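Down below is the structure, laid out as structure tokens.
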Amino acid sequence: MSGPNEDKNTQLSSHFFGDLLDSIIVDVASECHRIAKLGLDRNLEEEEEEMRLSVQARARVADPSNSSETNTKYVVDIFGQTHPSVATEIFECMNCGRSIAAGRFAPHLEKCMGKGRKARLKVTRSSTAAQNRYSRGSPVSAYSPYSNSTSTNRLSNGTPSVAGEEYSNGTYEEPWNKT
Amino acid sequence: MTRKHSVNRPPTPDGAEDQGNEPILQEIINIKLIESGEKERLMEMLRERLIECGWKDEMKALCRAYVKKKGRNNVTVDDLVHLITPKGRASVPDSVKAELLQRIRSFLTSAAL
């Protein structure tokens, strides 16, 4: 191994290493840029809002007046059951891995899988005239498995993003008829 | 380290005379790296190591913080590249760097020179 060649090798190796590293840096930057632009990353405002709403949800659930037995505060369904105002079970979101209260799952998924409004507008909407009646068997709603007990409470919360739009657009399934 | 700075040497067509034939050598090696598939392998290896050691997460965190500060619609890829390049280059773990350099060297000695 001759001296100059070794130096040359070292220099070349460093050059190529730098090359590889620069490429990877550009890749990472590009990926982060994409995530930022598509709103896929949970940025701080959203996290804070989700935390706040989660805390709210848990407080409602912990409230002693929310027993799951007979409760005059809440609507009774056709089987005579009352549901707690916010579904209490905690799941792990399969998309981002966070622990989310079931009652907060739908709005969370909205944000988690893509920016809320855009994601929901992809679902086809029938005419606004066809309201609750029409929505019973709607196969289209993306949230059917999730939103079981949340809808009425979305209304009472006045959270506009979920309750208002869906009711006025009509294809959102009837909350209590969902099986 | 330009060693072929000969005055008598005729000018090369692409005007690279002041750098000697180093860029050309680099080019040749680069081509060999690519053609043999070694460059791809090295890239994947480096990527993997950088993920394992948390380097990528650090870079992503830097990017996220920047995006949060600037607002996501005001950020360009270029901004992010300039943001993470200095830190990125400096924070590669020595072991990772050594491993890659070693691998590149073996390639150089076996294939090029």
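Key figures
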read-out	value
Meets criteria (within 11 Å of another protein chain (Cβ to nearest Cβ), at pLDDT below 85 and farther than 30 Å from B:Met43 by Cβ) for A:Glu89	no
Out of B:Arg64, B:Arg89, sole residue that is within 7 Å of chain A (Cβ to nearest Cβ), at pLDDT 90 or above and surrounded by fewer than 16 Cβ atoms within 10 Å (Cβ to Cβ)	B:Arg89
Failed item, numbered, when B:Met43 is tested on (1) more than 13 Å from A:Ile24 (Cα to Cα); (2) free of Cβ contacts under 8 Å to residues at least 12 places away in the same chain	(1)
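The values are calculated or read from the model by the stated rules, or taken from the named source; none is laboratory data. Only a predicted model underlies this, so the values are computations on that prediction, with no experimental measurement involved. Here the Cβ is made from the backbone with ideal geometry for all residues, glycine too, and neighbour counts use every protein chain on show.
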